[in-house]
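Data first, discussion second: the structure below is written as structure tokens.
The values are calculated or read from the model by the stated rules, or taken from the named source; none is laboratory data. What you are looking at is a predicted structure, and each value in this text was computed from that prediction instead of being measured. Glycine gets a Cβ as well: all are built from the backbone with ideal geometry, and neighbour counts include every protein chain shown.
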Amino acid sequence: MVVTAAALPEVSSPIVETTNQASFGTRIAHPLLRGTVGFGLATLALLGGNGRFEQMLWLSRLIERPAAALVPPHGTQRWTVRLGNFRGEWLWHHDLPAPWQRQDSALLYFHGGGYISGGMNTHRRLVAKIAHASGMPAFNVDYRHLPGAHFTETLDDAVESYEYLLEHGFQAERIIVSGDSAGGGLAFRLVLAIRERGLPMPGGLSAIAPWADFDPTTRNAHPNRHRDSYIPTRILETIARFGLALGGELDPMWSPVNHDFTGLPPALIQVGSTECLLPDAQLLAQRCAEANVPVQLQIWDRAPHVHHVAADLLSDARAAINDLGQFHRQTVA
């Protein structure tokens with residue numbers, strides 16, 4: 001890793017790391033994703049922006065059922081829990097005790113999907129790998145999202161999932177709150193809600209390529225708007241405008257980047273150098289530093305959005321998961 005502060009000139013003291021060079025697999029993944037997944041998501045964004053937002057939501061949900069083929073790694077144990085209006089799923093390696101037998105640490109994880117798709121099937125394999133690297137069980141939250149629930153209800157589900165861990169004997173300081181993409185932004189917003197509601201603060205916080213600002217202004221002005229391998233900024237703007245805005249307005253307090261981070265736990269943020277969500281990650285790191293919250297921002301050279309899902313193929317992805325696991329282990333040590 002090469003440490004540089006140049007990426008965040010306004011931040012007082014974050015640790016910013018950039019990988020030296022993308023692996024061959026990561027380099028070829030960029031154009032492949034742009035011409036396939038990127039084209040599909042751009043089409044979805046165009047559909048939603050042309051007055052067919054409901055059709056866009058319907059199409060985006062089609063991925064969850066076939067994603068059941070993404071089985072967790074060998075040795076993974078599973079247990080599904082029903083909470084209020086949503087489900088969660090415990091994932092742990094068979095070398096560890098079941099989470100109801102020993103409550104020494106836990107990873108509370110929120111999947112990505114832009115608040116319109118994703119669930120336990122799409123993220124089970126990834127979350128199980130992160131949990132194994134972290135040496136702790138993970139509670140993978142299948143929170144409600146659009147069109148069935150607004151972001152405010154999604155946040156309520158996140159708070160309830162955290163309270164569930166506390167009620168079942170997990171000490172707050174030994175809980176890591178984590179997530180990717182929309183789930184990464186939700187992880188930050190949850191920790192802020194924990195502080196607002198007077199609950200005990202978790203021990204750590206991590207996010208993979210977090211969507212943390214519903215206002216598109218900063219992203220649209222960033223050069224990565226045209227460099228992202230497959231996430232079009234337009235789809236994020238469409239979701240915010242037609243799905244999240246109430247009465248045509250977005251409450252700035254829904255976006256974690258608009259908060260004071262005083263009192264938050266140590267954080268690790270990972271993002272690709274060409275991602276359109278790089279400015280979101282940088283703003284989160286800036287807010288942490290302004291509040292004297294220990295933060296490490298890892299910028300992975302040319303890594304596609306949440307490249308961790310390709311850990312079976314990409315050495316960079318395996319390294320990123322290992323770094324997450326190391327951070328989680330050290331945080332609760």
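Filtering region 245-260 to residues that are assigned to a loop (DSSP other than H, G, I, E, B) and free of Cβ contacts under 8 Å to residues at least 60 places away in the same chain leaves A245, G247, G248, L250, D251, D260. Considering L70, L96, the condition of being modelled with pLDDT under 95 and closer than 25 Å to L268 by Cβ is satisfied by L70 alone.
Which one of these is basic (K, R) and within 19 Å of the chain's Cα centre (by Cα): R174, R189, R197? Step by step, each of R174, R189, R197 is checked, and only R189 is basic (K, R) and within 19 Å of the chain's Cα centre (by Cα).
Of all the criteria given as (1) modelled with pLDDT under 95; (2) in a loop (DSSP other than H, G, I, E, B); (3) not aliphatic (A, V, I, L, M), the one not satisfied by F214 is (1).
Going by what's in this entry, would P266 be described as in contact with a Leu (Cβ under 8 Å, 6 or more places away or on another chain), modelled with pLDDT of 95 or more and under 21 Å from I175 (Cβ atoms)?
yes
Candidates L205, L236: the one that is out of contact with any strand residue (DSSP E or B) (no Cβ under 6 Å at 6 or more places or on another chain), surrounded by 21 or more Cβ atoms within 10 Å (Cβ to Cβ) and closer than 26 Å to I194 by Cβ is L236. Looking across region 300-320 at every residue that is among the hydrophobic types (A, V, I, L, M, F, W, C) and surrounded by fewer than 24 Cβ atoms within 10 Å (Cβ to Cβ), the one that is nearest to the chain's Cα centre (by Cα) is identified as V309.
Whenever a residue of region 120-138 is farther than 20 Å from R82 by Cα, its partners that are among the charged types (D, E, K, R) and outside any helix (DSSP H, G or I), lying with C-beta atoms within less than 8 angstrom and at least six residues away or across chains, give the pairs L126/D180; M136/D104.
Name the residues in region 154-184 that are touching a residue at least 60 places away in the same chain (Cβ under 8 Å) and charged (D, E, K, R), would you? If the condition is that a residue be touching a residue at least 60 places away in the same chain (Cβ under 8 Å) and charged (D, E, K, R), then D157, E160, E173, R174, D180 are the ones that fit.
For A281, state whether it is touching a residue at least 40 places away in the same chain (Cβ under 8 Å), under 19 Å from L155 (Cα atoms) and not polar (S, T, N, Q). Show your work before the answer.
Working: touching a residue at least 40 places away in the same chain (Cβ under 8 Å): yes; under 19 Å from L155 (Cα atoms): no; not polar (S, T, N, Q): yes.
Taking the combined requirement at face value, the residue does not satisfy it.
In a residue-by-residue description of region 92-100, the property of being under 26 Å from L41 (Cβ atoms) and not β-branched (V, I, T) applies to no position. Any residue at all in region 256-270 that's touching a Phe, Trp or Tyr at 6+ places or on another chain (Cβ under 6 Å), buried (at least 19 other Cβ atoms within 10 Å of the Cβ) and small (G, A, S)? So far as region 256-270 goes, no, none of its residues is touching a Phe, Trp or Tyr at 6+ places or on another chain (Cβ under 6 Å), buried (at least 19 other Cβ atoms within 10 Å of the Cβ) and small (G, A, S).
When the residues of region 37-60 are narrowed to those that are touching a residue at least 24 places away in the same chain (Cβ under 8 Å) and surrounded by fewer than 17 Cβ atoms within 10 Å (Cβ to Cβ), which ends up farthest from L244 (Cα to Cα)? Selected residue: V37.
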